[in-house]
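Worksheet for the structure shown next.
The values are calculated or read from the model by the stated rules, or taken from the named source; none is laboratory data. This one's a predicted model, so the numbers in the text were calculated from it and none came from an experiment. Reconstructed Cβ throughout: ideal geometry from the backbone, glycine too, with neighbour counts over all protein chains shown. For accessibility, only protein heavy atoms count, side chains too; no ligands or nucleic acids. Shrake-Rupley method; radii C 1.70, N 1.55, O 1.52, S 1.80 Å.
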Amino acid sequence: RPDPKQSIQKFKDMVASKQLKTDLIGYINYVYFIRERQRHGFADVIPPLHMIFMGHPGTGKTTVAQMLAEILESAGVLATRNVTVRGRGELVGDGSVPPQQIALYAFEQARGGLLFLENAQSFFQDAAGAAVLSVILGQLSETENGDTVVVLSGDPVEMEKALGRNPKIRALFPYQFNFEDYTPEELLDIAERKITEREYALD
């Protein structure tokens, strides 16, 4: 297993808004708290840990998902740190195969790790997308976490509209994290870090 301290430190060192880090650290601490109680013999059950990521493209949603998968594996919640990223086009297909069948296959591919659905608001737009979501949501429990964590990721405005029309989804996805756009200063910080990692110097 990976060293949880290294995984969490890598997350803490990430350039991101203070509020996002605070919220995510609270989520991580809660997971470790439940796992510690289980180790001491208490009958605690890991509750649903599925998440909603709201933010524009390029704000670090997929990167954070990868870090969280490492941390959840180190906590023994997930069997693997693998993150399976899928979009609407991949899951709906070209019509030659029922989308329900594709969705079930995709979920089985992600089993044991983290399934990341990007641009999730697009699944709410038609019957084919709704069929995909229905299959995936049917694998989830409202009371306890299974062996796979699912993340719905999408545009803040469009996701809020979609969730407003489907309030039951919030019961399955109790954690929502908001990814703010990077400031110019944060973008420069990211650039400087990447340049240093690759052993270049910025004039």
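Of everything in segment 54-102 that is among the charged types (D, E, K, R) and open to solvent by 30 Å² or more (accessible area, probe 1.4 Å), the residue that is modelled with the lowest pLDDT is 94. Considering only residues that are open to solvent by 80 Å² or more (accessible area, probe 1.4 Å) and assigned to a helix (DSSP H, G or I), look in segment 173-191 and name the one that is farthest from residue 160 (Cα to Cα). Only one residue fits best here, namely 188. Of all residues in segment 143-155, those being modelled with pLDDT of 95 or more and either part of a helix (DSSP H, G or I) or open to solvent by 70 Å² or more (accessible area, probe 1.4 Å) (or both) number 0. Taking helices (runs of 4 or more DSSP H) as the structural unit, those lying wholly within segment 1-113 and holding at least 3 residues that are touching a helix residue (DSSP H, G or I) at 6+ places or on another chain (Cβ under 6 Å) and closer than 30 Å to residue 128 by Cβ correspond to 88-92, 99-110. Residues in segment 120-141 that are hydrophobic (A, V, I, L, M, F, W, C), within 27 Å of residue 46 (Cα to Cα) and part of a helix (DSSP H, G or I): 120, 132, 133, 135, 136, 137. The residue that is nearest to residue 100 (Cα to Cα), among those in segment 156-169 that are open to solvent by 30 Å² or more (accessible area, probe 1.4 Å) and touching a residue at least 12 places away in the same chain (Cβ under 8 Å), is 166.
Within the set 109, 125, the sole residue that is at pLDDT 90 or above, out of contact with any Lys or Arg (no Cβ under 8 Å at 6 or more places or on another chain) and open to solvent by 70 Å² or more (accessible area, probe 1.4 Å) turns out to be 109.
Annotation: of all residues in segment 1-33 being open to solvent by less than 30 Å² (accessible area, probe 1.4 Å) and either within 19 Å of residue 80 (Cα to Cα) or of a type in the set (Phe, Trp, Tyr) (or both), the one that is modelled with the lowest pLDDT is 2.
Taking segment 34-53, which residues are open to solvent by 10 Å² or more (accessible area, probe 1.4 Å) and in contact with a Gly (Cβ under 8 Å, 6 or more places away or on another chain)? Listed by number, the list holds a single entry, 35.
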